[in-house]
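Visitor: Mind looking over this structure? Questions follow.
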Amino acid sequence: MRALYPGTFDPIHNGHVDIAARAAALFDELVIGVYDTSPKSLLFDTAQRVALAEQSLAHLPNVRVVTYRGLTVAFAREIGASVLVRGLRAISDFEFEFQMALTNKKLAPEIEFVSLMTSLEYAYLSSSILKEISRLGGDISGLAPAPVQAALRARFEEMRRSGADPLPVPLISGRD
Ligand code: ADP
């Protein structure tokens, strides 16, 4: 049975890797679908997001990373995936994932939706929070695979040098 785990993965982090590893144990093959979208609001372009996912998941032999555009269910059909995997964090993800799952079910009734609960240690982790911590020079070891940590440091260094990222604004700013 082939399953598709779709997402933006900007960039992939340990919460994603945990879901991918657990899904890979459930299905014969897991395809990580990296959504090919305009890099405008993203930190990494599609090729970089794919490369980081590949490097982060290289230890899982039945996992491959591909990029796709358009409807996720259309892509699932195209590659013969009968299951869509998503990760669920706390309450915040539920409403959106529920709406997406029901909508996709309407569009593709033959595809099943499997939501895997986040592991407690990654319940708070998102790509946005990871980027924010890294941007402000915080320690991201334990939050993302080594190649992602290196790519984040390099990207922010490059942005700072080119003036694209002015003085960082602290996540929690202390007022005098
Ligand atoms: P999208 O833009 O499709 O939400 P993301 O890259 O943000 O793409 O997330 C892809 C999937 O991984 C989503 O199902 C999301 O809920 C899940 N996910 C993200 N972070 C975590 C985490 N810390 N634990 C478990 N699942 C997660």
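Visitor: Inside segment 17-65, can you point out the residues that are among the acidic types (Asp, Glu), within 25 Å of residue 112 (Cβ to Cβ) and surrounded by fewer than 15 Cβ atoms within 10 Å (Cβ to Cβ)?
Guide: Taking segment 17-65 as the starting set, the residues that turn out to be among the acidic types (Asp, Glu) are 18, 28-29, 36, 45, 54.
Still in the running and within 25 Å of residue 112 (Cβ to Cβ): 18, 28-29, 36.
Across segment 17-65, the qualifying residue is only 28.
Visitor: Could you tell me whether segment 38-45 includes any residue that is within 28 Å of residue 110 (Cα to Cα) and at pLDDT 95 or above?
Guide: The answer is no, given that none of the residues of segment 38-45 is within 28 Å of residue 110 (Cα to Cα) and at pLDDT 95 or above.
The values are calculated or read from the model by the stated rules, or taken from the named source; none is laboratory data. These figures come from a predicted structure and were not determined experimentally. Here the Cβ is made from the backbone with ideal geometry for all residues, glycine too, and neighbour counts use every protein chain on show.
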